[in-house]
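Each reported figure results from applying straightforward, stated rules to the coordinates on display, with no laboratory input. Just so it is clear, the structure is predicted and the values come from calculations on it, not from any experiment. Positions of Cβ are generated from backbone atoms using ideal geometry, with glycine treated the same way; all protein chains shown enter the neighbour counts.
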Amino acid sequence: MSFSDYFGAEQVSEGVFHIYEPGGVYTTLILGEEKALLIDTGYGFEDLPAFVRTLTDLPVQVVLTHGHTDHAGGSRLFGEVFINPEDIPVYLWYEKTQKKLIVDKFRRDRAAAGLPDVWPESFNAAAYLAAPPREFKALKNGQIFDLGGRREEIIFLPGHTRGSVMVFDDKTGLLFSGDNISSSLWIFFDHSAPLSQYEAGLKALMGRSFSGILYAHDGFIYPPQIMEELLTTISRVDPETDRVFIHPRTGQRALKHREKSRLDLPHPYIYVVYEPSRM
Ligand SMILES: [Zn+2]
């Protein structure tokens, strides 16, 4: 399987490509008149830079929404890459302890689902696992990437990870949320922010206007009302009655609260998975 069959790109808005990668993660490419911005880099199993070149000839700057391997693993394939420095320890911990588990789980999930082997021709697991961690450039909250004809604003929102970053595109009004805003908020990691900090940060964003929200694990654009639904779900979490959740890879235990969504989404429920000692 070549890189052009491995990845799939859909233009979801003017000059905005949502790039799908097997394993259920998306990266996003935004095209300006002079430059492009790539948000996240996927697992890094296949040649994403070559695929991006099939979509644009513009110089590409790269920003990571956070340090998890399904977003940052491919960063070693690019030159300069920006991240919130707060998430560098997260990236390093995943590089050191989670990469092999992630490769194994990817393989297992494909087999269990009866799906064909999707490893790209060029993928070498030993080389992937042995690749050293990379260095990054530091993002600042409020930083602007001027792409020519459109500006991308960096918005820090501690939540899913303490160093989680979102990107706002002034041309379409879209907010690219990484793993930080969707129908399923995972905020139970040791490196997640306290739930109350996330709640305050999300409330502070309610005064701003967004046309929609693009999340890194869904192919569709969420209506901005998803933020309100998340806040409602957070306000109703209850460690006394919420169900136990076990992380499928690490076995970490957390609690899960769900509320029925009133939005017309492919997902009928809004989930908040949280650690009761970090409310
Ligand atoms: Zn994540």
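Quick one: P(r) of region 1-43 from all Cα-Cα pairs, 10 Å bins, percents rounded to integers, in order of increasing distance.
29, 53, 17, 1
Using the Cα atoms as the points, what is the convex hull volume per residue of region 129-251 in Å³?
Measuring per residue, one finds 154 Å³ for the Cα hull of region 129-251.
Contact order normalised by length for the chain, with contacts defined as Cα pairs under 8 Å and 6 or more residues apart; what percent is it? Don't jump to the answer; show the numbers that get you there.
Working: 558 pairs, mean separation 40.0, N = 279.
Result for the chain is 14 percent.
Give me log10 I(q)/I(0) at q = 0.10 Å⁻¹ for the chain, Debye formula, one equal scatterer per alpha-carbon, no solvent.
Each listed q maps to, in turn, -0.50.
At 222 nm, what helix-only mean residue ellipticity would the chain give, in deg cm²/dmol to the nearest 500, using -39500 (n - 2.57) for each DSSP H run of four or more?
Helix contribution divided over all residues of the chain: -6500 deg cm²/dmol.
If N is the number of residues in region 181-252, what value comes out of its Cα radius of gyration divided by 2.2 N^0.38 Å?
Normalised Rg, Cα atoms only: 1.21.
Residue farthest toward the positive end of the dipole of region 223-272, with Cβ of Lys/Arg at +1 and Asp/Glu at -1: which of Pro268, Pro248, Thr232?
Pro248
Using the Cβ atoms and a cut-off under 11 Å, what net charge is assigned to the surroundings of Ile246, where Lys and Arg are +1 and Asp and Glu are -1?
It works out to a net charge of +4.
For His18, His217, what's the fewest-to-most ordering of other Cβ within 10 Å of each Cβ?
Ascending number of Cβ neighbours within 10 Å: His217, His18.
With the dipole of region 98-173 worked out from charges on the C-beta (+1 for Lys and Arg, -1 for Asp and Glu) around the Cα centre, which of Gly149, Leu129, Val165 lies farthest toward the positive end?
Leu129
Enumerate the amide H contacts of Phe156 below 5 Å, restricted to partners 5 or more residues apart or on another chain; note that Pro and chain-start residues carry no placed amide H.
Under 5 Å from the amide H of Phe156: Gly142, Met166.
For region 21-160, what is the convex hull volume of the alpha-carbon atoms per residue, in Å³?
Roughly 116 Å³ of hull volume per residue.
Just in region 176-279: which GluC sites (Glu not before Pro) are loop by DSSP and have at most 10 other Cβ atoms within 10 Å?
Sites meeting the loop and neighbour criteria: Glu240.
Once you keep just the Cα pairs under 8 angstrom separated by 6 or more residues, what percentage relative contact order results for region 109-223?
After rounding, I find 18 percent.
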